[in-house]
Amino acid sequence: MVSAILIVTAFSAAAAEQFKDMPAKHWAADSVYNLVKLGVVDGYPDGTFRGNKNVTRYEAAVLLSKLANAIGADTLKDDIAKLKQDVLALKESPDMVISGQAEMMSGMANLTATEGITEKGPVSQYRVITTLNKKLGKNARVAVTMDTMDAGYYGGANLGFPMDFIDVVGDITLDPYELGFSILGFKDPVQVLMTAGPGDRQHTDATGFIPSENNVTFFRPDTGFSVGTKMFGLDVAGAYSVIDHQTDGKVNTNLLKGILDHTFTAVPLIEILEMQLEGSYYMKNPHSGGPSDKMARINLAAPFGEKVKAKAQFGMGKYDRAGWMVGGELQIADAWNTGTSFMVKGAKVGSAYISTVLASEQNEEAGFDVFMRPLQNSQVDIGGEVSQILTDRLVLKGKGDIKLSPDFQYGKDFNNTNITAQVGISYDLAPATNFDAFYRLYQDPTASETTDLAAAGLIYRF
């Protein structure tokens, strides 16, 4: 039953001090008397409130009108409008924004290793990423990032030259009508992205001290540009990238890439299907007639409800099956409302999918495992991640990866097979500050050794 509120204008203020049918300890007393003080509600002339009586639409209208007047609705509306303008002005502000991340980690390596390992002891790591982001007018933005990558990676440094620290990204939105492109059928904004950077870099550990960290990839922009827009219902983009160059500026390897994106709706069984088609053309040493290679890939993704998403991938480097790559991934985000989320993925790479003469330039084409290490030819990879929320601030995390031979074999008689397993925690010390700790095992059967790493550290985001 809806509580009744009868509006009686003749009711005196003295009578409103205490209603006869509402004890001072009644659960709604404070709220009712607060509204009385605001002049929003009154009681009956006999000094009762009659809180269990239904309210009519007329009474509700009078109540809401008085409430609006009491809180100054007209003024509040103006304040909200001004707040919206202030937020919009803040978004449009050209002032520079600085953001970034600092990671510090220390640990002990190879404590339990007994075979093939001659070195044991402490390790340390740091990485600092700082981005200066500035808006240049309404339709342009530039971001300058400094990334130390593995300059402090367990005491090693793999930076090719000082500019590997820096990358620059410029983002411009163009109006096709202002440029006169509308006569060519362009109606949607054209996005131009210009980048100057070293490209992805991999950590290399020639000593073999912590082999599980070898080939961990730091994702950085290449030098080049891309142009994207919407045509015929498709998201269309084209890009040119410098994959490798010499210190004198001469380009060693070029990459041309085309991308088509489309989201299909009302698909039977799955409702929504996201599809992306990619075509890549590599040219190595074009100034001296070097080799070239073409690759194609299709990426599919489909959500199954709000908490489950499946992905599939097929790549073709050559026409025969040796030049193919297939992969899949399943993501489940707290499907059982227990705080448990996990992801499993797998991929099989043919023996000729990545070109031999372009192996270093095409290391992204086969994808990465859960430890951000690129997959290789003649390899089957199966990995996964799981997280369990223990409290509002503490999360238990685990991930693992196994690499097998093309016929799903594992052991010392097969190249590129290994197992990596890790378990750890992440604790929110403060806003934007995490304490992370983990323990990792790595086994390489061809080297007859098992290594481990126990580490802990802080991650601060600003």
Of the conditions (1) part of a strand (DSSP E or B); (2) modelled with pLDDT of 90 or more, Asp244 fails just one. Which one is it?
(2)
Report yes if Ile354 is β-branched (Val, Ile, Thr), in contact (Cβ under 8 Å) with a residue 24 or more places away in the chain, on the phi < 0 side of the Ramachandran plot and assigned to a loop (DSSP other than H, G, I, E, B), otherwise no.
yes
Which condition breaks for Val370 when tested against (1) in contact with a Lys or Arg (Cβ under 7 Å, 6 or more places away or on another chain); (2) of a type in the set (A, V, I, L, M, F, W, C); (3) over 27 Å from Met149 (Cα atoms)?
(3)
Could you please let me know if Phe304 is more than 17 Å from the chain's Cα centre (by Cα), surrounded by fewer than 18 Cβ atoms within 10 Å (Cβ to Cβ) and within 29 Å of Val423 (Cα to Cα)?
yes
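For every residue, the table says whether it meets (1) assigned to a strand (DSSP E or B); (2) more than 16 Å from Glu278 (Cα to Cα); (3) among the polar types (S, T, N, Q); (4) in contact (Cβ under 8 Å) with a residue 24 or more places away in the chain.
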| residue | (1), (2), (3), (4) |
| --- | --- |
| Lys318 | no, no, no, yes |
| Gly327 | yes, no, no, yes |
| Ser341 | yes, yes, yes, yes |
| Gln376 | no, yes, yes, yes |
Take the stretch 174-203 and flag every residue that is over 21 Å from Gly258 (Cα atoms), out of contact with any Leu (no Cβ under 9 Å at 6 or more places or on another chain) and modelled with pLDDT of 80 or more.
Asp175, Gln202, His203
In the stretch 291-301, which residue that is farther than 30 Å from Asn337 by Cβ and not polar (S, T, N, Q) is farthest from the chain's Cα centre (by Cα)?
Pro291
Can you find a residue that is modelled with pLDDT under 65, touching a helix residue (DSSP H, G or I) at 6+ places or on another chain (Cβ under 9 Å) and surrounded by 11 or more Cβ atoms within 10 Å (Cβ to Cβ) anywhere in the stretch 129-136?
no
Name the residue that is surrounded by the fewest Cβ atoms within 10 Å (Cβ to Cβ), counting only residues in the stretch 324-342 that are at pLDDT 95 or above and small (Gly, Ala, Ser).
Gly328
By residue number, the members of the stretch 383-436 that are among the β-branched types (Val, Ile, Thr) and either buried (at least 18 other Cβ atoms within 10 Å of the Cβ) or within 18 Å of Ala447 (Cα to Cα) (or both) are Val395, Ile402, Thr417, Ile419, Thr420
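The values are calculated or read from the model by the stated rules, or taken from the named source; none is laboratory data. Here the structure is a predicted model, which means the values were calculated and not measured. Because the Cβ atoms are built from the backbone with ideal geometry, glycine has one as well, and the counts that use them run over all protein chains shown.
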